[in-house]
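Working notes for the structure below.
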Amino acid sequence: MVNKGFPKGFLWGGAIACSQADGGYREGGKGISTQDCRFFDPNWDEKTIYERAYFSEMSTAGLKRAIEDEGTLNYPLRRGIDFYHKYPQDIALFKELGLNVFRTSISWSRIFPNGDEQLPNGEGLKYYKDLFGELKENGIKIFATIVHYDIPVNLVLNYGGWKNRKTIDFFLKYVSVLFENFGEIVDYWLPFNEINAARFATWDGVCLIKEEEENAEQALYQCVHHQFIANAKVIELSKKMLKNPMIGGMIARFCSYPATCRPEDFLQSVQDEQYSNYFYLDVMARGEYPKYMDRFFEKLGVEIQFEEGDEALLKNNTVDFVSFSYYSSQVSTSDQSWEKTCGNLVAEANLNPYLKTNKIGWTIDGLGLRSVLNQLEDRYRLPLFVAENGLGTFETLEKELTVHDDYRISYFEEHFKAMKEAIIDGVNLIGYTAWGIIDIVSCGPLTMDKRYGVIYVDYDNRGNGTGNRYKKDSFYWYKNVIETNGEEL
Ligand code: BG6
């Protein structure tokens, strides 16, 4: 029988990441994380923000400077939106909105400040106990990301971060503490946010100081391999420690159309999909390195070091669900002179002449989401979860203390209709968490003024402002969607 639309119990949610929202830098015994060290100068103009903050690479000197500087002015990710203190009022807003799931990440450096301690930090555990308790009291399910880019910076400085297999052991210890303490309360686990980030944002994805590597590609893919192993070990552990484990794999989904029906462009799109998307999900969901990567690695001079047992571990520990972020689509072409626009998450993207662009310049493509959902259903036959999606743009608070964000409503509408159609196509989509449901510091430009929320937060790029929260027009629109389970779009 054909599906009719969103199934009963569909998860409608919102998502944030601890490093972009929490603040509370060094409070409650928190250690310094890799994301706490990303530098920003509020006097930079837009061009410099784009060049210096977006896709910023790190250096050892930069890290050391950041660690010595105890302030927050030049480190917006240390400030966030003060979710650390304000979460009870934010959760009250989420409840009013009707969210039935909330995705946030756990800060490793709150649980193990340096990553290599013997015992966890009790204050950090208490914070999450309280936060998760508050969510559950408000009837909201928990979707917890275990690492959303940030790891204790000590692991990079003293162990080489993900390059070193020892980091996997530290990670497993951290995860076992999480399972022990929150195994009963968290509903969905995600070991890694966007495990394919290494390629488009190396510091974020694998905390690697690329410029200090002799063979950066080798180091990068070895880090990714260690994350795959870590991911599989989490699944192995979950089978021992959790009653009903739901462990997901996630990528930033770069769906890419061939620019023309020239066979060269089609082949380019097949390869772009393989190298940027499928490789990562194939390892996590099918349990093995796909054959097409051999040629790719050979060309780059990369030889992944497998240890004995790695292959079996990957094969026997595949994910329970597949999730992804989806912001816009891309265009694949072998024509270097193809017109460009700016992308979201990527520095530059080939322009798709059939799509409109938003104020910031990225293209909007709801139908692409329907195609992506169908492709992932076909390939993996696993429950699917849209872990991030939304529209980031500049906006101002009106005199009447709201934002008339009709552009966000139409973005959501287009993407929700696409999800509904995909479900009718037969896709097993179980949930959706809108990215930056409440305005947070953006991860690329490190600014407050690239906003995704249905809730406005009164902070500017310097961290000035009241911090008050205000409901945008999209708040009321999304609330109605949730109330009607997507019937009214
Ligand atoms: C995703 C990340 O890649 O994109 C988020 O998981 C990030 O952390 C989001 O915030 C949007 O990017 P940006 O740069 O607009 O914050």
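Key figures for this structure:
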read-out: Selection from the range 461-489 of residues that are within 16 Å of the ligand (Cβ to nearest atom) and without any contact (Cβ under 8 Å) to a residue 60 or more places away in the chain; value: none
read-out: Every pair of residues 6+ apart whose Cβ atoms lie under 6 Å, when the first sits in the range 144-169 and is touching a residue at least 12 places away in the same chain (Cβ under 8 Å) and on the phi > 0 side of the Ramachandran plot while the second is among the charged types (D, E, K, R) and within 16 Å of the ligand (Cβ to nearest atom); value: 149/204
read-out: Helices (runs of 4 or more DSSP H) wholly inside the range 8-88 that include at least 3 residues being under 25 Å from residue 469 (Cα atoms) and within 16 Å of the ligand (Cβ to nearest atom); value: 18-21, 76-79
read-out: In the range 427-439, residue nearest to the ligand (Cβ to nearest atom) [restricted to those that are part of a loop (DSSP other than H, G, I, E, B) and open to solvent by less than 10 Å² (accessible area, probe 1.4 Å)]; value: 436
read-out: Condition check for residue 250: open to solvent by 20 Å² or more (accessible area, probe 1.4 Å) and under 27 Å from residue 173 (Cβ atoms); value: no
read-out: Some residue of the range 105-116 being touching a residue at least 40 places away in the same chain (Cβ under 8 Å), open to solvent by 10 Å² or more (accessible area, probe 1.4 Å) and under 27 Å from residue 321 (Cβ atoms); value: no
read-out: Unique match (being in contact with a strand residue (DSSP E or B) (Cβ under 7 Å, 6 or more places away or on another chain), closer than 30 Å to residue 285 by Cα, open to solvent by 10 Å² or more (accessible area, probe 1.4 Å) and not in a helix (DSSP H, G or I)) among 382, 397; value: 382
read-out: Filter pass, residue 449 being within 16 Å of the ligand (Cβ to nearest atom), open to solvent by 10 Å² or more (accessible area, probe 1.4 Å) and either of a type in the set (D, E, K, R) or in contact with a Ser or Thr (Cβ under 6 Å, 6 or more places away or on another chain) (or both); value: yes
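To keep it simple, each residue is scored yes or no on (1) in contact with a Leu (Cβ under 8 Å, 6 or more places away or on another chain); (2) of a type in the set (S, T, N, Q); (3) within 16 Å of the ligand (Cβ to nearest atom).
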{"residue": "174", "(1), (2), (3)": "no, no, no"}
{"residue": "178", "(1), (2), (3)": "no, no, no"}
{"residue": "190", "(1), (2), (3)": "no, no, yes"}
{"residue": "196", "(1), (2), (3)": "no, yes, yes"}
{"residue": "200", "(1), (2), (3)": "yes, no, yes"}
{"residue": "204", "(1), (2), (3)": "no, no, yes"}
{"residue": "211", "(1), (2), (3)": "no, no, no"}
{"residue": "217", "(1), (2), (3)": "yes, no, no"}
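The values are calculated or read from the model by the stated rules, or taken from the named source; none is laboratory data. Since this is a predicted model, take the numbers as computed values, not measurements. Because the Cβ atoms are built from the backbone with ideal geometry, glycine has one as well, and the counts that use them run over all protein chains shown. The protein model used for the area step is the full one, side chains on, heavy atoms only, and it has no ligands, DNA or RNA in it. Shrake-Rupley method; radii C 1.70, N 1.55, O 1.52, S 1.80 Å.
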